[in-house]
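Participant: Dropping a structure here in structure tokens format, bear with me for questions.
The values are calculated or read from the model by the stated rules, or taken from the named source; none is laboratory data. Treat the numbers as computed from the prediction; the structure is a model and nothing was measured. In this analysis, Cβ positions are derived from the backbone assuming ideal geometry, glycine residues included, and neighbour counts consider all displayed protein chains.
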Amino acid sequence: MRGEKYHRIRAVVRKEFRHIFRDRVSCMLLFLMPAFIMLIFGYALAFDVYRYDIQVCNPGHSVQAERLFARLDAHPKFRVTGRLERIDAIDGAFARGNNRAVVVYRDDGIDLFVDATSPTLSTNLTLMLSSVTGDFAADEFHLAKPSQDIRIRYLYNPTLKKEYMPIPGLVMLVFILVSSIVLGTSINKEKAQGSFRLLRLTRMSNLEIIAGKSAPYFLITLLHVAVVYLICLYFGVRVEGSLALFFALCTLYSVCCMSLGILIASWFDRPLDVLIICWIFLFIPNVFLSGFIFPIETMDPFMHAVARLLPGTAFIDAFRSIAFKGTGLGANLPAFGLLAGETVLAGFLSLIGFKRNIPR
Amino acid sequence: MMRILGQILKKELLQLLRTPALVGILLACPVITIGLVPFGLGNDSRLKVEVVDASFSDRGRALVARLDASPHIRCDQAVSLAEAERSIEQGRIDAIVVIPTTGEDYSILARADHMIVGMDAAYYIGRQLQEAAEQGSAALPLRIHSKYVSGSDNTHYYLVTMLVLLIAILGCFLAALSVINEKESKVLEHLRSTGMSPGLYVCSKLLFFTLVGLVELGVGLLIARTVFHLTPAGPLADYFLLAACFLLAIVSLGILVAACSRTMLQAIYIIVFLFFILVLLSTMFAPLDNMSPGWAATRYVNPFFWAVDGSWKIVLKGMRMGEIPLHYLVLLLTGGVLSGLSILRIRRIN
């Protein structure tokens, strides 16, 4: 009986592999998409400032102002992109290019006009500019410098490698999109074409069909996990903790994403639905609420609780903890528990969905 | 011509309304993206810092008071260094400041597993310590004038981003899957056999899905206004015109991908891949200031960048179309090229 079941699942696995390899373009994208995306954005996606574009204005034609502007232009984080002749041209200066601030030098002080559409950017820019102008004033007016120095030590990323910031989030996004959309749309297509119902006319159960369809994608996912690890190494992101635990986390997370894809496919009929739901309900919340961009500790208690339930949050937390802090299973048990729980829950709900929507 | 176009639009509307699940998804999309997710963005972004006073003097209390008064830091005094280190390991605090016994240097320990948090903590604390010690700012005062203030947090900034993302996802995906569906089910051949030109076919798709995108934008904007009090500072007509130009480009992209794909799965894979690249390079999440010149140059061919940047300029800065004509031109040009290619491709199919 068990052997028969195994043969049935193996037949579906073989069929699914044929489907995957039949279309060369899809096959190539399926295998290479995670690697390609991670390689591109490992370089392109940076969360530290490369350079702010600013403009300057010297209405009093002061020599001191020119020295300040030269210092700003020589600063690695600023580029003076323009010089305004009149103060009333400031509004126009913000319309062109990527100008973030206008520095106006007057005899009684400096006026700094900052684009505050993004409070995070404007605060950072203001602090950096005030640091430069403070140093400039100290040099110009020969003020005493503080005798005490400040020593800064960064924990878990001592050299502040910029790749440490995007890599966990990118891995999270790649898996949540690729694993869920690929499997979800594949199952949905069978539903839309009626072949799922045909398979149900045989002696196969829903669980066997889903297991057979998922197995090839699970194997591809294992390949993706290995590729992700190699790309982490390529960018100099070393796993400080247990390698087995790291692989277990990535595999569990991608299985969780696959089960979410199956869940969506079980309740909705068309690949279009799966595609939109994955982007709107998985991609957007996980980008903004998982701690990828904003630390979730800054959210109010309700949104913090919502964010904690997202698989992306659990994954990023555990990824940073294992890879950067070198912690073990004990410290990451809540994340593993949540991912496993969500996988089982999504699997259970999808079985109900298939039972309701595709009766034998 | 107009009668045929009207009939095709009617067909598209009937097809859309025929699937109640899709209508439900279309209604739920703006509620989730605009009505719920932004609650996670407007928040207390103060860094949590603990001070360890190794000098056992009043300096500890004075520094705690100074740091806590900063708008960026929430500060407490730690019982011991070991206790503070345990807190930072468990993620309860972001940084520790160690006050030296007289004459030694201050030490800041910042967690950099989330690099932005670590860098911000070191920077803000460092500035506070420096300002306490030096008088430079008093000699040459710095007066800060914040322009285009959209609130004390990032909510409005990212709401504008999400509106762009919302209409892009719906416009592009709906158009692409509609075309590939008609291609696979041979409806496209039937339509062509009626004498309908590929140009008219592409135009009807463009018009319908642009209208759907604009309706979604209107709903999203209404939710943003009701829940988060986001009111466009610039003219609403200019904003919708920019959105229409963007939808023209992004719907054309969807049609082109569908026209070039052999199967629905292939179209889905290609769209996911393209969207991932375009969205992440669009400066929605990592601003242009963070990109090296080479990567920043990719914005010239990325419609998402022009849509997001233009939306920020109109909605948050109150600019008009006349001040940012390049945004409209690039989007129109991109839309024109992509829809032209789609027409050529569909002509080749038949």
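Participant: Does A:Leu329 satisfy the criteria of being more than 14 Å from chain B (Cβ to nearest Cβ), surrounded by fewer than 17 Cβ atoms within 10 Å (Cβ to Cβ), closer than 27 Å to B:Pro30 by Cα and in contact (Cβ under 8 Å) with a residue 24 or more places away in the chain? Let's see the steps before the verdict.
Facilitator: On the way: more than 14 Å from chain B (Cβ to nearest Cβ): yes; surrounded by fewer than 17 Cβ atoms within 10 Å (Cβ to Cβ): yes; closer than 27 Å to B:Pro30 by Cα: no; in contact (Cβ under 8 Å) with a residue 24 or more places away in the chain: yes.
Against the criterion (more than 14 Å from chain B (Cβ to nearest Cβ), surrounded by fewer than 17 Cβ atoms within 10 Å (Cβ to Cβ), closer than 27 Å to B:Pro30 by Cα and in contact (Cβ under 8 Å) with a residue 24 or more places away in the chain), A:Leu329 does not qualify.
Participant: I've got another one for you. Could you list, in sequence order, the residues of region A:14-58 that are closer than 30 Å to A:Arg96 by Cβ and in a helix (DSSP H, G or I)? Don't jump to the end; show me each part of the working.
Facilitator: Narrowing region A:14-58 to residues closer than 30 Å to A:Arg96 by Cβ: A:40-41, A:43-58.
Within region A:14-58, A:Ile40, A:Phe41, A:Tyr43, A:Ala44 qualify.
Participant: For region B:128-140, how many residues are modelled with pLDDT of 75 or more and within 7 Å of chain A (Cβ to nearest Cβ)?
Facilitator: The qualifying residues number 1.
Participant: Another one. With the requirement that a residue be crowded, with 19+ Cβ neighbours inside 10 Å and more than 7 Å from chain A (Cβ to nearest Cβ), what does region B:99-113 give you?
Facilitator: Matches in region B:99-113: B:Ile99 only.
Participant: Please specify each residue of region A:59-88 satisfying the condition of being more than 39 Å from the chain's Cα centre (by Cα), in a helix (DSSP H, G or I) and small (Gly, Ala, Ser).
Facilitator: Of everything in region A:59-88, just one residue is more than 39 Å from the chain's Cα centre (by Cα), in a helix (DSSP H, G or I) and small (Gly, Ala, Ser), namely A:Ala65.
Participant: Within region B:224-234, is there a residue that is surrounded by fewer than 24 Cβ atoms within 10 Å (Cβ to Cβ), over 24 Å from B:Ile324 (Cα atoms), in contact (Cβ under 8 Å) with a residue 24 or more places away in the chain and not aromatic (Phe, Trp, Tyr)?
Facilitator: Looking through region B:224-234, at least one residue is surrounded by fewer than 24 Cβ atoms within 10 Å (Cβ to Cβ), over 24 Å from B:Ile324 (Cα atoms), in contact (Cβ under 8 Å) with a residue 24 or more places away in the chain and not aromatic (Phe, Trp, Tyr).
Participant: Tell me, which residue of region B:64-115 that is within 35 Å of the chain's Cα centre (by Cα), under 16 Å from B:Leu129 (Cα atoms) and small (Gly, Ala, Ser) is modelled with the lowest pLDDT?
Facilitator: Only one residue tops the list, namely B:Ser70.
Participant: Can you pull out the residues in region A:40-68 that are away from chain B (no Cβ under 11 Å) and surrounded by fewer than 16 Cβ atoms within 10 Å (Cβ to Cβ)?
Facilitator: A:Pro59, A:Gly60, A:His61, A:Ser62, A:Val63, A:Glu66, A:Arg67 - these are the residues of region A:40-68 that are away from chain B (no Cβ under 11 Å) and surrounded by fewer than 16 Cβ atoms within 10 Å (Cβ to Cβ).
Participant: Another question about this same structure. Out of the residues in region B:65-83 that are among the aliphatic types (A, V, I, L, M) and more than 14 Å from chain A (Cβ to nearest Cβ), which is nearest to A:Thr126 (Cα to Cα)?
Facilitator: Per the criteria, the residue is B:Ala69.
Participant: Looking only at residues in region A:86-112 that are over 17 Å from B:Glu323 (Cβ atoms) and without any contact (Cβ under 8 Å) to a residue 12 or more places away in the chain, which one is surrounded by the fewest Cβ atoms within 10 Å (Cβ to Cβ)?
Facilitator: So, considering only residues that are over 17 Å from B:Glu323 (Cβ atoms) and without any contact (Cβ under 8 Å) to a residue 12 or more places away in the chain, the one surrounded by the fewest Cβ atoms within 10 Å (Cβ to Cβ) is A:Asp108.
Participant: State whether one or more residues within region A:262-281 are over 30 Å from B:Thr161 (Cα atoms), surrounded by fewer than 24 Cβ atoms within 10 Å (Cβ to Cβ) and within 11 Å of chain B (Cβ to nearest Cβ).
Facilitator: No, because not a single residue in region A:262-281 is over 30 Å from B:Thr161 (Cα atoms), surrounded by fewer than 24 Cβ atoms within 10 Å (Cβ to Cβ) and within 11 Å of chain B (Cβ to nearest Cβ).
Participant: Going residue by residue through region B:39-47, is there one that turns out to be assigned to a helix (DSSP H, G or I) and surrounded by fewer than 19 Cβ atoms within 10 Å (Cβ to Cβ)?
Facilitator: Yes, there is a match, as at least one residue in region B:39-47 is assigned to a helix (DSSP H, G or I) and surrounded by fewer than 19 Cβ atoms within 10 Å (Cβ to Cβ).
Participant: Surrounded by fewer than 21 Cβ atoms within 10 Å (Cβ to Cβ), within 8 Å of chain A (Cβ to nearest Cβ) and of a type in the set (A, V, I, L, M), is that true of B:Ile116? It would help to see each step written out before you state the result.
Facilitator: Details: surrounded by fewer than 21 Cβ atoms within 10 Å (Cβ to Cβ): yes; within 8 Å of chain A (Cβ to nearest Cβ): yes; of a type in the set (A, V, I, L, M): yes.
Here the answer is yes, as B:Ile116 does meet what is asked.
Participant: For region A:157-206, what are the residues that are charged (D, E, K, R) and either outside any loop (DSSP other than H, G, I, E, B) or farther than 30 Å from A:Lys325 by Cβ (or both)?
Facilitator: A:Lys162, A:Glu163, A:Lys189, A:Glu190, A:Lys191, A:Arg197, A:Arg200, A:Arg203 - these are the residues of region A:157-206 that are charged (D, E, K, R) and either outside any loop (DSSP other than H, G, I, E, B) or farther than 30 Å from A:Lys325 by Cβ (or both).
Participant: Inspect region B:293-307 for any residue being free of Cβ contacts under 8 Å to residues at least 40 places away in the same chain, facing another protein chain (nearest Cβ under 9 Å), closer than 27 Å to A:Leu275 by Cβ and not basic (Lys, Arg) and give the result as yes or no.
Facilitator: Within region B:293-307 (the criterion being free of Cβ contacts under 8 Å to residues at least 40 places away in the same chain, facing another protein chain (nearest Cβ under 9 Å), closer than 27 Å to A:Leu275 by Cβ and not basic (Lys, Arg)), the answer is yes, since at least one residue qualifies.
Participant: Moving on. Quick test for you: out of A:Arg79, A:Arg18, A:Arg83, pick the one residue that is outside the structural domain of A:Val132 (by TED's automatic domain parsing), at pLDDT 85 or above and surrounded by fewer than 20 Cβ atoms within 10 Å (Cβ to Cβ).
Facilitator: Just one listed residue meets the conditions, A:Arg18.
Participant: When residues of region B:233-266 are filtered for being under 19 Å from B:Leu211 (Cα atoms) and touching a helix residue (DSSP H, G or I) at 6+ places or on another chain (Cβ under 7 Å), how many remain?
Facilitator: 19
Participant: What helices (runs of 4 or more DSSP H) completely inside region A:259-360 contain at least 2 residues that are of a type in the set (Phe, Trp, Tyr)?
Facilitator: A:311-319, A:329-357
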